[in-house]
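One structure is given below, encoded as C-alpha cells.
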Amino acid sequence: MTLEHQRLEESRTGQVSWKRWGPYLSERQWGTVREDYSAYGQAWDDFPHDQARSRAYRWGEDGIAGISDDRQLICFAIALWNGHDSILKERMFGLTGNQGNHGEDVKEYYFYLDSTPTHSYMKYLYKYPQAEYPYTWLVEENQRRGRGAFEFELLDTNIFAENRYFDVFVEYAKASADDILIEIHTVNRGSETATLHLLPTLWFRNTWSWGDSKKKPILKALNSHNSYQRIEANHPELGQRWLYCQSDASTKLSNRVPLLFTENETNYKRLYNVENSSPYLKDGINNYVVHGQKEAVNFNGSGTKVSPYYLLNLRAGETQTIKLRLCDRPNLAQPLDSEFDQIFQGRKTEADEFYHKITPFQMSDDLRNIQRQAFAGMLWTKQYYYYDVTRWLNGDATMPAPPPQRQQGRNHQWKHFESIDVLSMPDKWEYPWFAAWDLAFHCIPLAMIDPEFAKNQLDLMTREWYMHPNGQIPAYEWAFGDVNPPVHAWATWRVYQIEQKMWGRRDRTFLERIFQKLLLNFTWWVNRKDTEGNNVFEGGFLGLDNIGVFDRSAPLPTGGYIEQADGTSWMGMYCLNMLTIALELALENPVYEDMATKFFEHFIYIADAINNIGGEGTRLWDEEDGFFYDVLRLPNNERLPLKVRSMVGLIPLFAVTTLEPDLLEKLPNFKKRVDWFIENRPDLRVNVACMETKGMGERRLLAIVNPDKLPRILAKMLDEQEFLSDHGIRALSRYHLEHPYIFTATGNSYRVDYEPAESSTGLFGGNSNWRGPIWFPVNYLLVESLQKFHHYLGNDFKVECPTNSGQMMTIWEVAAELEARMIHTFQKDESSYRPVYGSLELFQKDPHWQNYILFHEYFHGDNGAGIGASHQTGWTGLVAKLIQQCSEYGKVLSPS
C-alpha cells in the first residue's frame with residue numbers, strides 16, 4: 001500500500017479528512033444559471049464577465065489554479081498582471097454563448113498536470129501573455145464570423161509569438177489534512193526581461209450579505225518575520241487558518257511584501273451608480289494594481305480578501321519561485337524552510353508511486369503521460385456546487401425581489417433541489433455545473449483511483465434532494481427537466497466491478513442503495529416516455545443535441561412524435577443493467593430474483609418492440625438497409641422512417657449482456673422463470689437474441705441485436721467511408737457528405753449533412769455537434785458492447801475490419817482496434833504530432849507545449865482534432881481507462 005493509498009483509506013474510514021481541501025473553485029462562476037436573477041433566464045447577459053471583478057457572487061467563487069475547503073468558505077487562487085492588460089487577470093476569460101460563432105468558449109491556455117485523489121499533491125500550468133490580452137478583438141472577430149467559419153482563438157492573435165509569455169506553474173502539497181504548502185513558479189519564456197505582477201489571493205466566499213444573519217469573517221495581518229509575513233483568517237464556521245507568505249532576499253524582493261486588503265463585496269457605484277457603504281470592494285486590488293488607486297485597499301491590514309503583492313522582474317528564460325503555506329498552525333517558526341522542500345519532494349514521489357501502483361503494466365512514457373494528465377483533469381474538475389432552487393427562485397431578503405416570471409421559469413418545478421456538495425464537473429469553465437449523464441461516465445476512470453468518490457457521485461444523484469419526487473434524475477442546471485440517456489445503472493454496476501477488481505472490495509450496500517432508488521427512476525421512464533405503452537420510447541433530447549432531423553426537445557413541425565431507436569435502446573440497456581445488478585444482489589437475498597425476472601421480461605418486450613419482425617407496430621429495424629432508424633409517427637398514425645445513418649442506429653448495440661451458467665445454477669427460481677418464458681413465448685423470442693442458444697462457455701446472450709443482425713450493422717460501422725475514422729466511430733455516417741438527408745414538411749426543408757467539425761446550426765446553442773465528430777462516451781460503450789458480444793460468440797465469429805479491407809477480426813479484436821484508434825487521438829505519431837492538436841504548430845512542435853494534453857469535448861470526424869470544450873476531461877477522461885485495459889491485455893496501442 002502506497003502512502004496515497006493509506007491516505008485514501010484514512011479518508012474512507014473517516015479517520016482523517018484528507019479531502020477537506022481541494023481544487024473546488026470553479027473557473028467560471030459568472031454567466032451561470034445560479035447567478036442569474038433575470039426574468040427570462042438570460043444567464044450570460046445577467047452576470048457577464050465584465051461584472052465579475054466587481055460583483056460579489058451569491059452561490060460560489062472562481063479563480064485561476066484555485067483551491068478551497070469543501071464548503072468553499074475560504075478560497076485561494078492566483079491573480080496576475082503583465083503591466084499592459086486593462087484588468088487584473090483573476091479568472092479565465094471566454095466568449096458567452098451569444099458571442100461565440102460556435103457558442104461559449106474559453107480563450108485561455110491552461111493545463112491540469114497532476115493530482116492525487118486526496119489532493120496531497122497537485123500541479124497546474126497557466127500560460128499568461130506578456131502583451132495586452134485582446135479581450136475586445138476576440139469578441140468582435142468571433143461575432144463577425146458565421147457558423148461556417150472556424151472559431152477565432154487566442155493563438156490566432158499571434159500573442160504568443162516569439163515566446164512572449166510567462167509559464168505560471170502552481171503546485172500544492174499537503175503536510176497534513178489542514179496544512180497546505182504552495183509553490184508558484186514563474187518562467188519568462190521570452191527573449192527579453194519582462195515584469196510580472198503576481199498576487200496570490202486569499203478570500204472568503206461572501207456568505208454574510210444575503211440576510212442570513214451570518215457573522216462576517218475577517219482576515220488580518222499579523223507581525224511580520226524576516227523571511228515571511230503572516231495573515232490570520234478567522235471564520236465563524238471553519239475556525240482559524242494562517243497564510244504564511246514568503247518575503248526575503250532570496251526572492252529579490254524587499255523584506256516586506258505589501259499586503260493588499262479589501263472586502264469581497266459588490267462595487268455598487270461602478271455597476272449601478274449607487275453609493276457604496278465601504279471604500280474597500282471586490283475590485284479594490286484590481287483598482288490599486290492596474291489603476292494606482294491607493295485608496296482602494298485597506299493598509300490597516302484587515303478585510304475579507306487579501307493579496308501579497310510580488311513584483312517579479314524575470315530575465316529571459318529565468319524562473320522565480322514564491323512559497324506560501326495555508327495551514328491550521330499559528331506559530332510555525334520556519335514555515336518555508338528545508339522541511340517545506342522535503343515535504344514537497346516527498347508528495348511528488350508518493351504521487352508517482354501511487355500511479356505506478358494503479359497502472360503497473362508496461363507502456364510508453366508518452367502513454368503514461370497522457371493517462372496521468374487525464375487523471376489529473378478528472379481530479380482538478382471537482383467543484384463545490386451550491387444551489388438551493390427555492391431560495392434562488394424567491395431571492396434574498398437583502399436584495400431586490402426577483403421578477404415574478406421566475407416562478408414559472410427555469411427549474412421552477414424542482415423546488416426540492418438543494419445541492420451543497422463537491423461534484424465532478426464536465427468542464428469547470430464551459431460547463432461549471434454537473435450534468436447527470438456526463439457524471440456517470442466520469443465515474444469510470446474516477447473509480448480506478450478513488451472508488452469512494454465515484455460512488456458518492458452516483459449516490460448523490462439519487463438522493464432525495466437531487467432526484468425529483470417523481471423519480472426523474474436532474475439533467476443539468478440549464479434545465480433539470482431535460483432527459484438524458486439512462487446510464488446511471490450502467491455506471492453503478494461498472495464502478496462496483498472496478499472497485500472489486502482494482503481495490504478488492506465488493507460494496508453491496510452501495511449497489512443495493514442505488515438499485516432501490518433507480519427503481520423509482522425506471523418507473524418514471526416507463527410512465528413518462530412510452531407514450532403508447534408499447535415499449536417504444538421517445539426520450540426526447542437524450543443528450544445527442546443536433547443528431548436528428550428535428551430538435552427532439554421541441555414540438556415537431558409535423559405534429560405527432562418520434563419513436564426513437566436510441567431512446568428505446570437506452571431503455572433496453574437500462575433493463576439489462578438493472579437485471580445484472582438484481583442478479584448480483586440475489587446471490588445473498590433471494591427477493592432480488594423476482595426483480596431480476598421483472599427486468600428480464602421487460603427487456604424481452606422492448607427488444608420485441610424495436611425489432612417487431614412480422615408485427616403490426618413500429619419497426620425501427622430496416623431489413624433492407626440492415627440498420628435501425630427513428631420513426632416519425634404523424635397525427636394520422638402514419639409512420640415514416642427517418643433514414644439518417646447516425647449513432648442512433650448503433651445505440652441498439654449497447655443493450656447486450658451475457659449470463660454465466662454457474663450464476664443461473666445458483667439462482668434456480670430465476671432460471672426456472674427464464675426457461676418457462678423461452679418455452680412458452682416463441683412469439684417474443686423470435687425478435688431478440690435471448691437465452692435459448694448457448695454460446696462460448698455455455699453462456700447465454702440477451703441482446704436487442706442478434707448474431708444475424710450484428711454483421712450487417714458492423715458492416716456500416718466499420719466502413720471507413722461511413723462511420724469508422726482513424727480515431728473512433730463518427731456520430732454520423734460520412735455517407736451523408738455526398739448524400740445529405742432532407743425531409744420536407746409544412747413547406748420547409750429539414751436536412752442533415754455530414755459535418756466532421758463544428759456545427760453549422762444553432763440547435764442547442766450551437767456549441768456541440770453530433771453530425772460527424774467522434775464522441776468518447778458512446779465510443780466507450782461501443783467497445784464494452786463488442787466485448788460482451790465476443791464473450792458469447794467467441795473466436796469463431798469474425799467480421800471484416802475495416803469493411804472491404806479483406807482483414808477478418810474477432811469481435812474482441814474489433815473492440816481493441818477501436819480502443820487503439822481512440823487512444824491514438826492523443827498519442828504522438830512517427831513525426832511526433834498528436835492528432836488532437838491538428839494544425840496547431842505551437843502544440844505540435846514547441847517543447848513548452850507539445851507534451852501538455854487537452855481533453856476536448858469531441859473530435860474531428862476525419863482528422864481527430866479536438867473540438868468543443870477544451871477541458872472536458874470529464875467523459876473524455878475515459879481514455880485513462882482505455883489505456884489501462886489495453887496495457888493490461890498487452891494490446892499494441894497503434895491502430896491497424
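The values are calculated or read from the model by the stated rules, or taken from the named source; none is laboratory data. Just so it is clear, the model here is predicted, and its values are computed rather than measured. Quick reminder, even Gly has a Cβ in these numbers, built from the backbone with ideal geometry, and neighbours come from all protein chains shown. Heavy atoms of the whole protein, side chains included, go into the accessibility calculation; ligands, DNA and RNA do not. Shrake-Rupley method; radii C 1.70, N 1.55, O 1.52, S 1.80 Å.
Filtered by the rule that a residue be part of a strand (DSSP E or B) and of a type in the set (Ser, Thr, Tyr), the stretch 119-160 gives Tyr121, Tyr124, Tyr126, Tyr128.
Here Asn779 meets the list (1) over 24 Å from the mean Cα position of the chain (by Cα); (2) within 20 Å of Arg734 (Cα to Cα); (3) of a type in the set (S, T, N, Q); (4) open to solvent by less than 10 Å² (accessible area, probe 1.4 Å) almost entirely, failing just condition (1). Being hydroxyl-bearing (Ser, Thr, Tyr), open to solvent by less than 20 Å² (accessible area, probe 1.4 Å) and in contact (Cβ under 8 Å) with a residue 12 or more places away in the chain, is that true of even one residue in the stretch 737-752? Looking through the stretch 737-752, none of the residues is hydroxyl-bearing (Ser, Thr, Tyr), open to solvent by less than 20 Å² (accessible area, probe 1.4 Å) and in contact (Cβ under 8 Å) with a residue 12 or more places away in the chain. Remark: pairs (first residue in the stretch 89-107, free of Cβ contacts under 8 Å to residues at least 60 places away in the same chain and open to solvent by 10 Å² or more (accessible area, probe 1.4 Å); second residue among the aromatic types (Phe, Trp, Tyr) and not in a loop (DSSP other than H, G, I, E, B); Cβ separation under 7 Å; 6+ apart in sequence or on different chains) = Phe93/Tyr135; Asn98/Trp44.
Residues considered: Ala565, Ala586. Of these, the only one that is farther than 21 Å from Val778 by Cα and of a type outside the set (Lys, Arg) is Ala586.
Residue count for the stretch 570-583 under the criterion of being under 21 Å from Leu782 (Cβ atoms) and among the small types (Gly, Ala, Ser): the result is 1. Of all residues in the stretch 365-380, none satisfies the criterion of being more than 18 Å from Gln872 (Cβ to Cβ) and crowded, with 24+ Cβ neighbours inside 10 Å. Note on the stretch 803-845: residues that are open to solvent by less than 20 Å² (accessible area, probe 1.4 Å), without any contact (Cβ under 8 Å) to a residue 24 or more places away in the chain and not β-branched (Val, Ile, Thr) amount to 4.
Take the conditions (1) under 23 Å from the mean Cα position of the chain (by Cα); (2) free of Cβ contacts under 8 Å to residues at least 60 places away in the same chain; Pro474 misses just one of them, which is (2).
Scanning the stretch 7-54 for residues that are over 22 Å from Glu265 (Cβ atoms), touching a residue at least 24 places away in the same chain (Cβ under 8 Å) and either of a type in the set (Lys, Arg) or open to solvent by 40 Å² or more (accessible area, probe 1.4 Å) (or both) yields Arg7, Arg12, Val16, Ser17, Lys19, Arg20, Tyr40, Asp45.
Residues in the stretch 498-520 that are without any contact (Cβ under 8 Å) to a residue 40 or more places away in the chain and among the basic types (Lys, Arg): Lys501, Arg506. In the set Ala233, Ala221, Ala194, only one residue is of a type in the set (A, V, I, L, M, F, W, C), more than 31 Å from the chain's Cα centre (by Cα) and open to solvent by 40 Å² or more (accessible area, probe 1.4 Å); that residue is Ala221.
In the stretch 624-641, what count of residues is obtained for those that are outside any loop (DSSP other than H, G, I, E, B) and open to solvent by 10 Å² or more (accessible area, probe 1.4 Å)?
5
Restricting Ser176, Ser213 to residues that are under 30 Å from the mean Cα position of the chain (by Cα), of a type in the set (S, T, N, Q) and either closer than 15 Å to Pro330 by Cβ or open to solvent by 10 Å² or more (accessible area, probe 1.4 Å) (or both) narrows the list to Ser176. Is it true that some residue in the stretch 106-118 is closer than 12 Å to Trp380 by Cα, in contact with a strand residue (DSSP E or B) (Cβ under 6 Å, 6 or more places away or on another chain) and part of a loop (DSSP other than H, G, I, E, B)? Looking for residues that are closer than 12 Å to Trp380 by Cα, in contact with a strand residue (DSSP E or B) (Cβ under 6 Å, 6 or more places away or on another chain) and part of a loop (DSSP other than H, G, I, E, B), one finds none in the stretch 106-118, hence no. Scanning the stretch 210-248 for residues that are within 17 Å of Ile184 (Cα to Cα) and either without any contact (Cβ under 8 Å) to a residue 60 or more places away in the chain or among the polar types (S, T, N, Q) (or both) yields a total of 5.
From the set of residues in the stretch 267-322 that are aromatic (Phe, Trp, Tyr) and open to solvent by 10 Å² or more (accessible area, probe 1.4 Å), which is farthest from Leu125 (Cα to Cα)?
Tyr272
The single condition among (1) in contact with an Asp or Glu (Cβ under 9 Å, 6 or more places away or on another chain); (2) at pLDDT 95 or above that Asn484 does not meet is (2). When Asp388, Asp396 are screened for being open to solvent by 10 Å² or more (accessible area, probe 1.4 Å), charged (D, E, K, R) and free of Cβ contacts under 8 Å to residues at least 40 places away in the same chain, only Asp388 passes. Quick one: in the stretch 66-108, of everything that is aromatic (Phe, Trp, Tyr) and in contact with a Lys or Arg (Cβ under 9 Å, 6 or more places away or on another chain), which residue is nearest to His856 (Cα to Cα)? Filtering first and then ranking leaves Phe93.
One residue stands out among those in the stretch 533-580 that are among the β-branched types (Val, Ile, Thr) and within 26 Å of the chain's Cα centre (by Cα): the one that is surrounded by the fewest Cβ atoms within 10 Å (Cβ to Cβ), which is Ile547. Arg712 fulfils the conditions (1) open to solvent by 40 Å² or more (accessible area, probe 1.4 Å); (2) among the charged types (D, E, K, R); (3) at pLDDT 90 or above; (4) not in a helix (DSSP H, G or I) except for a single criterion, (4). Of all residues in the stretch 186-205, those that are closer than 21 Å to Leu324 by Cα have Cβ atoms under 7 Å from Cβ atoms of residues that are open to solvent by less than 10 Å² (accessible area, probe 1.4 Å) and hydroxyl-bearing (Ser, Thr, Tyr), 6 or more apart or on another chain, in Leu196/Thr186; Leu198/Thr186; Leu198/Tyr310; Leu199/Ser307; Pro200/Ser307; Thr201/Ser307; Trp203/Thr304; Phe204/Thr304. Taking each residue of the stretch 360-373 that is touching a residue at least 12 places away in the same chain (Cβ under 8 Å) and looking for partners that are outside any loop (DSSP other than H, G, I, E, B) and β-branched (Val, Ile, Thr) with beta-carbon atoms closer than 6 Å, six or more apart or interchain, yields Leu367/Ile883; Gln371/Ile883.
Is the stretch 428-435 home to any residue that is assigned to a helix (DSSP H, G or I), open to solvent by less than 10 Å² (accessible area, probe 1.4 Å) and in contact with a strand residue (DSSP E or B) (Cβ under 8 Å, 6 or more places away or on another chain)? Write out each step before concluding.
Step one: of the stretch 428-435, the residues assigned to a helix (DSSP H, G or I) are none.
Within the stretch 428-435, none of the residues are assigned to a helix (DSSP H, G or I), open to solvent by less than 10 Å² (accessible area, probe 1.4 Å) and in contact with a strand residue (DSSP E or B) (Cβ under 8 Å, 6 or more places away or on another chain).
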